[in-house]
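Data block below; observations after.
The values are calculated or read from the model by the stated rules, or taken from the named source; none is laboratory data. From a predicted model like this one, the values you see are computed outputs, not experimental measurements. Positions of Cβ are generated from backbone atoms using ideal geometry, with glycine treated the same way; all protein chains shown enter the neighbour counts.
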Amino acid sequence: MAQSVNSTAVENDHSKPIDDLYEELETSEQGLETDDARGRLERYGPNEIEAEEGVSPWRILLEQYTSALIWVLIVAAAVMAVVGHTIDAAVIGGIVVFITLFGFVQDYRAEQSIAALEELSTTHALVRRDGQKVEIDARNVVPGDVIFVESGDIVPADARIVEESNVRVDEAALTGESAGVSKEGGTVDAATSLAERTNMLYKDTVVERGSGTAVVVGTGAETEIGNIASALEAAEDRETPFQTEMDRLGKIIAAGVVGIVAVIAITELAVGETPPLQVFLTAVGVAVSAVPEGLPAVVTLSLALGARRMAEKNALVRRLPIVEALGSVDVICTDKTGTLTEEEMTVQRIVAGRETYEVTGTGYDTDGEFRRNGESVDSERVAEILRCGMLCNNVDIGTREADGETDPSERTYLGDPTEIALFVAAQKAGFDHEELDEAYPRIGEVDFTSARKRMTTLHRTPDGDGNGAGGGDGDENGETIAYMKGAPETVLERCRRELVDGELVELTDDRRAELEAKTEAFAEDALRVMGFAYRPDAPREATEALETDMVFLGLQGMLDPPRPEVPGAIDACLSAGINIVMITGDNAVTARAVGEEIGLRSTRVVTGPELEELGDEELADIVDDVDIFARTSPDHKTRILQMLQKKGHTVAMTGDGVNDAPAVKNADVGVAMGIRGTDVTEQASDIVLLDDNFATIRDAVHGGRRIFDNVRKFVNYLLSGNGGEVTMIFTGSMAGLGLVITPIQILWINVVTDGAPALSMGVDPAADDIMERDPRPRDEGVITTRIVTSIVGIALFMTVCLLPLFTLNFTGRVIPGYDLTGSLFGWEPAYEPSRELAQTMVFTGFVVMEIVRIQAVRLRYGLGIFSNRWLVLAVVVAIALHLLVLYTPTGQLLFDVEPLGVVHWAQIAVSAGVFATLMAVFVKVQDHYFDRY
C-alpha cells in the first residue's frame, strides 16, 4: 500500500497499535469534524475506483455501420453513382450519414441515460462526524473516518477494526476464498498475508454477520480492491430482446431485398424491353424502400426514455432488457414488512408479569402511556421488558446527510423497524439509550439470523447483583446479564422461569400454553409478536451456550399497518392477471391477517416447516393456490421461485437481505429495496425500488407494459409503411410502369416524415385497459401474427390506392391500355401527365397515408388524436417539411418533384379516404380473428 496518508492509504496499517494509527491518520475514535472531512475529500478525491471508461463515442459511431440494412443503402448509393445519377447518389449517401448520426446520437444518449440511472442508486456508509453517527454517500468517505458496519453491508473503504461483535466477512472478491473470514480487533504481524489480516476490512467486501466499528485507512483507487478493479468492473454488454429481434429482422429484410431485386432484374432483363439502367434504378428503389432505417435507434431511445420515466416513479431500472419481462410478469413474490406495510412499527400491547397492557402513540413519536383495562399505569410495571428491548437492540440515533451537509436538528433512527419500535416503546417509559448503555455496557452479542430467529446481548450489570435492577457504573469485575429477544417460540423454549412482580416463578406447561394462546391472539390482530427474556449471572462468553436457563419477561406486540395505497395496487395487479404471493418471516396468523386486509386472492398459508416437508411434486400441486408463505427463510424463497418458474410463470421477486440475493438474481425480474435493502441485493437486482413500496412494483409493471405497447406500435407503423413501398415498387415494375417513386423520395419518407412520428409514439400514454389485460406470454415477441397480417394488408391497400394515382398522372388513364380516361367518370385532366408528376403524387400520397395510418395504429389502443402532444407536433413538422420539398426550388431540385395543385390534392384526398376505409374494415376483420394487440 502507499507510503503516506496523502496517498489515502497507510502502510502496514494492520500491524500498528490503534492509537498510533489514529495519530498517523490525524483522527480519533470520535471520527472527523465535518470541515476536516470536506477538506480531505478535496485532497484525496471521491472514494471510488475510477471505472473503466464507457463505450467510446467512435465505437458507437462505427457500430452504426454494422447493420446489414445500412450496407444495403451504401450499395444502393454506389450503384446510383456508377450509373451517373450523382445527385441521387449524393442524397442517398447524405441520408445514410444522417441515419448513422441519428443512431449515434440516440445510442450515445442511451448510454448517458443508463449511466445517469446508475448514479441514482448510490451506496451509503454510516460514519461518525462531529461526534455523531451520520449516513453519507459512500463516495464521501475519507481516510480517518470512523465507520460502522453490520450484516449485509458492503464495506465502503479499507479500514482497521476498532471494535467488533461476531463479525464475519466474505472477501471472495479480493482473495478468491469462498469461505467467510472471521474478524477481530488487535494487531497482526506486518508480514501477515492479506487473506490472514483478521483485523482489517477491505472495500467492496461483504459483511456476512455481526457488526463493528473501524477507522478508514484507504479510499478509492488506493484500496486493495483498487488493484484488481479492472477484473471487478469487467461486464459484458447485453442487447435488449428488442434489439436482438430487430437485428434478426434486419437480416431477414436484407435477404428479402436481395430476393426481390433478383426477381425483378431477372424478369425485366428476360423480357428484354426494360433498359438495364431502369432495372438498376428499380432495384435501388426496392432496396431503399425495404429498409426501416431509423428502427434500431427508435427502439433504443424508447427503452431508455421509458426507463427514465419509471425512475421518476421510484422504480430504478438497472438493466434495460428487463422491460420485456415486465410485460410478462404473472406472479409477484413480495416481502411484507416495509413493502406491503408502512415499516413504522409501533408497540401496541405488552404482556408482562401475567398482565396485558396497552401502549398509546403511533409511529416513532415517543409520547405515549401504558394502560391496563383502559386506565393509565406506572411504567415501572413494564420496565424490565422495556429495558430488555432497548439493550438487546442495535438501533442508533443519528442524522442523515443531504447535499453534503448535516442538520443536527434532523435526528433519525438508524436500524431495523422492529428494533426501532422496541426502542421507541422504551423511550415512552423514560429510558435514555445513552444512559442505559453506560449503565449496562455491552460486552458481547450472539447475533440474530433467519435460522436462529433470536438475538442475545451480554452486558455488565451496574450494581454487581446480576439481576438488572438499580443503576451506577458497570464494574468490569462485576456480574454479567444476558438479554434475549426473538420469535416467542424460540425464546420460550430456552426459559424455565418467568419474572412475575419481581419474583422468579416456574414456567409451567399451562403457562406456556397461555402464552402461546396470547401470541396467537395478538397475531390474529395482525400484531407482530416478540418474546423477551434475560439470564442473570450469565457466562462471560457470548456464545449460544449462554442462551439456556433464561427467565421469561413477556411479549411485545407491534403493528405495522398496511400502506394505504397497497390494497388498490393489489387489486390492480389481480385485474391485470398478476397473482401476488406474500413471503414473510412472520407467523402464519399475522401473515393471514395482513393478507386479508390488503385483499390477496386467497389466504391459504404454508409455513416454512411445512414447506420443508413437501416434496417437489407436492409443492408443484399447491404452489399456484398459495398466496402466503409464512415463517420462511431466504432458502425457501429460492425454492418457491424455482417451482413457479418451472410451472411456466414469469416471476418478479423482491428482497432486501444478503441471503435474498440468490432469489432476486434468479428471478425473471429481481426487485431490490432501495431504502432498507443491502448493497449486495441491489447489485443482484434488475429493478431497485427507491421507496420500498409495493405500489411502485405495480407502477413498474404498468410502465413496462406501456413501453412494450409503444415499441410494438412504432414497429408496426414503420414496417407496414416499408412493406407498402416495396409492394408499390414491385407492382409498378411488374406492370411495366418503371420506377413509381425514386429512392431519395423513399428515404425522405422513411427518415424524416416517418422517423419523428415513430419516435413520438415512444412516449404515447398508456392504454386505458393496460392493467386489465392478462400478462403477455413470455415467448411472445414484438412482432405477432396480427402485426404480420397488418404489414401485408396495409402494403396491399397502399398499392391499390396509390397505383391509380400514378397511372392517372403518368398516362392520363387510371388503367393503362384502356379507354377509361381521367377517372371512372370520363373526366379529362387539365394538366400534362408526366413521370415526375406521377412520382410526386405517389411520394405525397405515401406521406398522407402514413399520417392516416398513425392514428389507425393508435386507435387500437384507445388513444385519441390529441392524447400525445409530441406526436401532434411531429406530424405538423413532417407535413411542413414535405411542403417545403414540394414548393421550394431546392426541394424540387433535390427530390425531382413538381408542385401540386388543388386537383392533385383532391385526388390524394380521395385515395387517402379509400385507404382509411379499407383499413377500418381490415381492423374489424383482424379483431374477429386475432387478439386486440
So, in the stretch 329-381, of the ones that are of a type in the set (Phe, Trp, Tyr) and at pLDDT 90 or above, which residue ends up surrounded by the fewest Cβ atoms within 10 Å (Cβ to Cβ)? Phe370
Residue satisfying all of: in the stretch 670-681; part of a helix (DSSP H, G or I) and either crowded, with 24+ Cβ neighbours inside 10 Å or assigned by TED's automatic domain parsing to the domain that holds Ala157 (or both); modelled with the highest pLDDT among these: Thr681
Verdict on Ile908 being assigned to a helix (DSSP H, G or I) and either in contact with a helix residue (DSSP H, G or I) (Cβ under 9 Å, 6 or more places away or on another chain) or at pLDDT below 90 (or both): yes
Arg128: passes all of (1) on the phi < 0 side of the Ramachandran plot; (2) at pLDDT 60 or above; (3) among the charged types (D, E, K, R); (4) surrounded by fewer than 19 Cβ atoms within 10 Å (Cβ to Cβ) but (4)
Condition check: modelled with pLDDT under 90, small (Gly, Ala, Ser) and either buried (at least 20 other Cβ atoms within 10 Å of the Cβ) or over 30 Å from Glu42 (Cα atoms) (or both). Does Gly415 satisfy that? yes
Tell me whether the stretch 609-628 contains one or more residues that are out of contact with any Pro (no Cβ under 8 Å at 6 or more places or on another chain), surrounded by fewer than 23 Cβ atoms within 10 Å (Cβ to Cβ) and modelled with pLDDT under 80. no
Can you find, within the stretch 434-467, the residue that is modelled with the highest pLDDT among those that are part of a loop (DSSP other than H, G, I, E, B) and closer than 30 Å to Pro609 by Cβ? Lys453
Filter the stretch 728-749 down to residues that are modelled with pLDDT of 80 or more and assigned to a helix (DSSP H, G or I), then give me how many there are. 9
Assess whether Gly585 counts as being within 26 Å of Asp779 (Cα to Cα) and in a loop (DSSP other than H, G, I, E, B). no
So which residues in the stretch 567-588 are of a type in the set (Val, Ile, Thr) and touching a Lys or Arg at 6+ places or on another chain (Cβ under 9 Å), if there are any at all? Ile570, Ile578, Ile580, Ile583, Thr584
Only listed residue being at pLDDT 80 or above and under 22 Å from the mean Cα position of the chain (by Cα), chosen from Asn710, Asn716: Asn710
Where residues in the stretch 123-160 are basic (Lys, Arg) and in a strand (DSSP E or B), which of them is farthest from Arg43 (Cα to Cα)? Lys133
Which of the residues that make up the stretch 693-723 are more than 19 Å from Asp571 (Cβ to Cβ) and either touching a Ser or Thr at 6+ places or on another chain (Cβ under 7 Å) or not in a helix (DSSP H, G or I) (or both)? Ile707, Asn710, Val711, Asn716, Ser720, Asn722
Cross-chain or 6+ apart pairs with Cβ under 6 Å, the stretch 757-775 first and modelled with pLDDT under 85, then not polar (S, T, N, Q): Ala758/Val298; Ala758/Phe714; Ala758/Tyr717; Ala758/Leu718; Leu759/Val298; Val763/Trp870
Restricting the search to the stretch 776-816, which residues are free of Cβ contacts under 8 Å to residues at least 12 places away in the same chain and part of a helix (DSSP H, G or I)? Val788
So Asn587 clears everything in (1) surrounded by 14 or more Cβ atoms within 10 Å (Cβ to Cβ); (2) at pLDDT 90 or above except one condition, right? Which one? (2)
Meets criteria (modelled with pLDDT of 85 or more and closer than 17 Å to Thr543 by Cα) for Arg494: yes
What do you reckon, is Leu574 hydrophobic (A, V, I, L, M, F, W, C) and part of a strand (DSSP E or B)? no
Write out, first by first residue and then by second, each pair whose Cβ atoms fall under 6 Å of each other, whose residues are 6+ apart or on separate chains, and whose first residue, in the stretch 525-537, is within 26 Å of Thr548 (Cβ to Cβ) while the second is of a type in the set (Lys, Arg) and crowded, with 23+ Cβ neighbours inside 10 Å. Met530/Lys485; Phe532/Lys485
Subset of the stretch 27-81 that is among the polar types (S, T, N, Q), in contact with a Gly (Cβ under 7 Å, 6 or more places away or on another chain) and farther than 30 Å from Gly131 by Cβ - its residue that is modelled with the highest pLDDT: Gln64
Just to verify a result, which residue in the stretch 590-608, among those that are touching a helix residue (DSSP H, G or I) at 6+ places or on another chain (Cβ under 7 Å) and part of a helix (DSSP H, G or I), is modelled with the highest pLDDT? Ile598
Taking into account only those residues within the stretch 154-175 that are modelled with pLDDT under 85, farther than 10 Å from Leu201 by Cβ and out of contact with any helix residue (DSSP H, G or I) (no Cβ under 6 Å at 6 or more places or on another chain), which is surrounded by the fewest Cβ atoms within 10 Å (Cβ to Cβ)? Ala172
In the stretch 750-775, anything under 24 Å from Leu871 (Cα atoms), out of contact with any Phe, Trp or Tyr (no Cβ under 8 Å at 6 or more places or on another chain) and assigned to a loop (DSSP other than H, G, I, E, B) is listed as Pro765, Ala766, Asp768, Asp769, Ile770, Met771
